[in-house]
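Trainee: Please read through the structure below; I'll follow up with questions.
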Amino acid sequence: MYISAASTVSHQPTFQNDGFSKVIEPLGESSELISPNYKEYIDAGLLRRMSKILRMSVTAAKDCLQQADVEQPDAIVVGTGLGCLHDTEKFLNNFLTIEGLLPPTSFIQSTHNTIAGQISLSIGNHGYNMTHTQNTLSFEHALIDGALLLGEGNSHILTGAADEYIEFLDEAAAQLHPRPKLNLTSGASFFVLSGEKSEKSVARIQDVQVAGLVQDADAAIGTFLSDNFLNVSEVDLILYADFNAGTSKESVAYEYFNAHYHADSKLINYTKLSGLYPTNSAFAAHYAADRIKHHPELKNVLILNGLNKDNLGLTLIQSLEA
Amino acid sequence: MAVRITGLGIVSAIGLTVAENLYALQNSKSGIEPVQFLETGKDYLVGEVKCSNEELVDRLGVRSKPVSRTSLLGLAAAREAWGNNRHASEIRTGIISATSVGGMDKTEKFYRYYLDRNHPDFNVLKCHDSGNTTERIAAELGISGYINTLSTACSSGANAIMLGARLIEQGKLDRVLVGGTDALTNFTLNGFRSLMIYDDQWCRPFDESRSGLNLGEGAAFLLLESDKSARLTGNTTICSLKGWANAADAYHQTASSPDGKGATMAIQNAIDKSGFNALDISYVNAHGTGTKNNDLSESVAMLNIFGDNIPEFSSTKPFTGHTLAAAGAIEAVYSVLAIQNGLIYPNLNYQNPIAETGLVPSTELRKGQPVLAVLSNSFGFGGNNSSLVFAVNK
């Protein structure tokens, strides 16, 4: 399947910034979300009620559709690891502290499918509408669903992923993973995936595989490469994420590609660029597409998502020439 | 092509097994009662699974903690559906579950302690995320690889079944355990109360006097197999999943459109996919929550599709309560049981038709019916509408 357009709202200058992959640097500890002018994309009345994750998602989705010149996609497929955390926490607070009548808005907007639902509402889309939530593999599952939809004869699928940071996460992370301090962020990336190559095509997603509760990550990577008729040396760039963001020692990618094959110059830890959120492999997919667009000599880019040590996501993005 | 259904598992307010659920359905025994297991401080009518967390842990022999009630209910149903099946390298096997609350039953307790600064146990947050709910079930059953969770509010369970069928249809998996699970929580109880659609009497789907839903909890799973898988496992096919469709209403975040657009599209497309026509549908297991809005919208959709030839239909939510993400899966199991046993279930608590549409659901249990094809509807928040068509395997 082909990426016809991509749009990302993140802590990096990714939004409507073609070529961002050439200029961004690893995030510092105190980065903030770079918010587009949401009012250009969302009606002011709706915007007022929307949490960060909804604003980011609807904006990235609409930008992406505009770029692709697609008015109505055949389907909307969203992945989210933790869903609408802001409204979830707000409603928890409300019902635990308020006696009597509760305002329903935060409950309504707490469900994971609010993201895909708000996108469908904002563009009046009646197609297939789906929300995948498999923690760090939510985006990969959304991509796999997108590929199924194209296989069923659809033309253009809006697929993306989003997660939002709330302050509470810092406290939870400090309690559960005292070290290293995690750089928790927000992000939303959306893509128009198309079955046919066109003048809008940026890159091709050749394959996506998920290995939940993975026993042997090396074997899974080896199978993935051989399924795609690739030698390790033919992978031009490896974008990886690891649970132990700081140390390369326990890194699946490091062990497989560096320790065994001495390919470290090709390795980029994308969590350092995007910050940590469960669906940051979607950021990596946009990063890969942007790199390929400006460096067509990059033929094969592998996204190796090992953010959760039990789950492995593998996505192969190729240049159109590959 | 058809997707074979070879295993069923269910826990709900009317029983901890398929057999117990079938018995209650055949005897018009509702499981909706004043709340007794969840600490609410109120006297709400709910469809609880009649089993405490401790009993569930004991029954299931779950050792590692923390574990959410959502996972425990799901595991009970998934184990029954999986039965004595074995893993085999030539049968690519996955699991897709659906949940709307995930580990919220644990998180909301945690959060109360957290707000009170009363030694909250952050460790329970490890089972908060919905994906974890499914991973726990997968780990207990030894399933790895394709493990996925869907969350589309009240249509989640139906979507899990549909996704499993699509993965089999395109040859990505040979066998997949599909279903949904949701525990009753204060979060959802308070949520539906804040929307003013919680009935403090028994819910009355499709009745003119209906005034809301009763929440329930539970889980159900179905084992789907391709022809190849069924040949290798030797499992008997109970019936087939023939049609499925998902459409967005795109009308309002919580309300359904008065013209039933999304619902009509989901039903029509599912029937088209099945290869049947509307007249072939023997029975409709309706979404029928008992809210003013849903039941009217769904009735209009049924009139749009069936015109003057409305098949037998009923909502089984007066038995179980509305089990949210589990509902589509629980009602899928009931649909399969309807075909298997020639049954049409009564729509309990019904008295008078909705004035605008005049539709009359089935009110008495019917036995010995030729139930050849069943339509099951699941419509949810966010305009997520899904329909499934089950049929005798030919």
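Trainee: Kindly provide the set of residues from the stretch B:223-261 that are away from chain A (no Cβ under 14 Å), out of contact with any Gly (no Cβ under 6 Å at 6 or more places or on another chain) and under 30 Å from A:Asn125 (Cβ atoms), ordered by number. Break it down into steps so the answer makes sense when it comes.
Mentor: First, pick out the residues of the stretch B:223-261 that are away from chain A (no Cβ under 14 Å): B:223-242, B:258.
Filter again for out of contact with any Gly (no Cβ under 6 Å at 6 or more places or on another chain), leaving B:225-242, B:258.
Within the stretch B:223-261, B:Leu241, B:Lys242, B:Pro258 meet the criteria.
Trainee: Related question: Suppose the filter is touching a Pro at 6+ places or on another chain (Cβ under 7 Å) and of a type in the set (Val, Ile, Thr); does A:Thr131 pass it?
Mentor: So A:Thr131 fails the test.
Trainee: May I ask you to verify whether B:Gly218 is away from every other protein chain (no Cβ under 14 Å), more than 20 Å from the chain's Cα centre (by Cα) and within 28 Å of B:Asn393 (Cβ to Cβ)?
Mentor: no
Trainee: Could we say that B:Asn341 is at pLDDT 95 or above and touching a helix residue (DSSP H, G or I) at 6+ places or on another chain (Cβ under 9 Å) here?
Mentor: Against the criterion (at pLDDT 95 or above and touching a helix residue (DSSP H, G or I) at 6+ places or on another chain (Cβ under 9 Å)), B:Asn341 qualifies.
Trainee: If the requirement is being within 28 Å of A:Ser110 (Cβ to Cβ) and modelled with pLDDT of 95 or more, which of these qualifies: A:Ser21, A:Ser7?
Mentor: On the way: A:Ser21 fails: within 28 Å of A:Ser110 (Cβ to Cβ).
Exactly one residue qualifies, and that residue is A:Ser7.
Trainee: Six or more apart or on different chains, Cβ under 8 Å: which pairs go from a residue in the stretch A:119-131 that's within 12 Å of B:Gln253 (Cβ to Cβ) to one that's β-branched (Val, Ile, Thr)? Could you list them?
Mentor: So the pair list comes out as A:Ile119/A:Val58; A:Ile119/A:Ile76; A:Ile119/A:Val78; A:Ser120/A:Ile76; A:Ser122/A:Ile42; A:Ser122/A:Val58.
Trainee: Now a separate question. Identify all residues within the stretch B:166-178 that are surrounded by fewer than 24 Cβ atoms within 10 Å (Cβ to Cβ) and within 9 Å of chain A (Cβ to nearest Cβ); write none if there are none.
Mentor: B:Arg166, B:Glu169, B:Gln170, B:Lys172
Trainee: While we're on this one: Quickly run through the stretch A:151-181 and pick out the residues that are assigned to a loop (DSSP other than H, G, I, E, B) and either polar (S, T, N, Q) or surrounded by fewer than 18 Cβ atoms within 10 Å (Cβ to Cβ) (or both).
Mentor: Within the stretch A:151-181, A:Glu152, A:Gly153, A:Asn154, A:Ser155, A:His177, A:Pro178, A:Arg179, A:Pro180, A:Lys181 qualify.
Trainee: Now for a separate question. If A:Ala68 meets every condition in (1) without any contact (Cβ under 8 Å) to a residue 40 or more places away in the chain; (2) out of contact with any helix residue (DSSP H, G or I) (no Cβ under 9 Å at 6 or more places or on another chain) apart from one, which number is that one?
Mentor: All conditions are met except number (1).
Residue-wise test of (1) within 21 Å of B:Ala327 (Cβ to Cβ); (2) acidic (Asp, Glu).
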| residue | (1), (2) |
| --- | --- |
| B:Leu45 | yes, no |
| B:Glu54 | no, yes |
| B:Val62 | no, no |
| B:Thr70 | yes, no |
| B:Ile91 | no, no |
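Trainee: Tally up the residues in the stretch B:254-288 that are in a helix (DSSP H, G or I), surrounded by fewer than 21 Cβ atoms within 10 Å (Cβ to Cβ) and touching a residue at least 60 places away in the same chain (Cβ under 8 Å), please.
Mentor: Total satisfying the criteria: 3.
Trainee: Still on this structure: How many residues are surrounded by 24 or more Cβ atoms within 10 Å (Cβ to Cβ) and more than 13 Å from B:Thr264 (Cβ to Cβ) when one looks only at the stretch B:289-310?
Mentor: 5
For every residue, the table says whether it meets (1) small (Gly, Ala, Ser); (2) surrounded by fewer than 21 Cβ atoms within 10 Å (Cβ to Cβ).
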residue	(1), (2)
B:Ala325	yes, no
B:Ala329	yes, no
B:Leu343	no, yes
B:Ala355	yes, yes
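Trainee: Residues in the stretch B:125-151 that are assigned to a helix (DSSP H, G or I) and either crowded, with 20+ Cβ neighbours inside 10 Å or touching a strand residue (DSSP E or B) at 6+ places or on another chain (Cβ under 8 Å) (or both): how many?
Mentor: Total satisfying the criteria: 13.
Trainee: Tell me, which helices (runs of 4 or more DSSP H) lie completely within the stretch A:55-150 with 3 or more residues that are more than 7 Å from every other protein chain (Cβ to nearest Cβ)?
Mentor: Qualifying helices (runs of 4 or more DSSP H): A:85-97, A:114-123.
Trainee: Moving on to the next point. Which residues, counting only those in the stretch B:151-165, are more than 9 Å from chain A (Cβ to nearest Cβ) and within 12 Å of the chain's Cα centre (by Cα)?
Mentor: Result: B:Cys154, B:Gly157, B:Ala158, B:Ala160, B:Ile161.
Trainee: Counting only residues that are modelled with pLDDT under 90, under 24 Å from A:His286 (Cα atoms) and of a type outside the set (Phe, Trp, Tyr), how many does the stretch A:232-257 have? Lay out the reasoning, then the answer.
Mentor: Taking the stretch A:232-257 and keeping what is modelled with pLDDT under 90, we get A:232-233, A:242-257.
Right, trim to under 24 Å from A:His286 (Cα atoms) and you get A:232-233, A:242-246, A:248, A:251-254, A:256-257.
Now narrow it down to the ones that are of a type outside the set (Phe, Trp, Tyr): A:232-233, A:242, A:244-246, A:248, A:251-253.
Qualifying residue count, the stretch A:232-257: 10.
Trainee: Of all residues in the stretch A:151-186, which are away from chain B (no Cβ under 12 Å), within 23 Å of A:Ala5 (Cβ to Cβ) and in contact with a Leu (Cβ under 6 Å, 6 or more places away or on another chain)?
Mentor: A:Ile157, A:Thr159, A:Glu164, A:Ser186
The values are calculated or read from the model by the stated rules, or taken from the named source; none is laboratory data. Everything numeric in this text was worked out from a predicted model, so none of it was measured. Because the Cβ atoms are built from the backbone with ideal geometry, glycine has one as well, and the counts that use them run over all protein chains shown.
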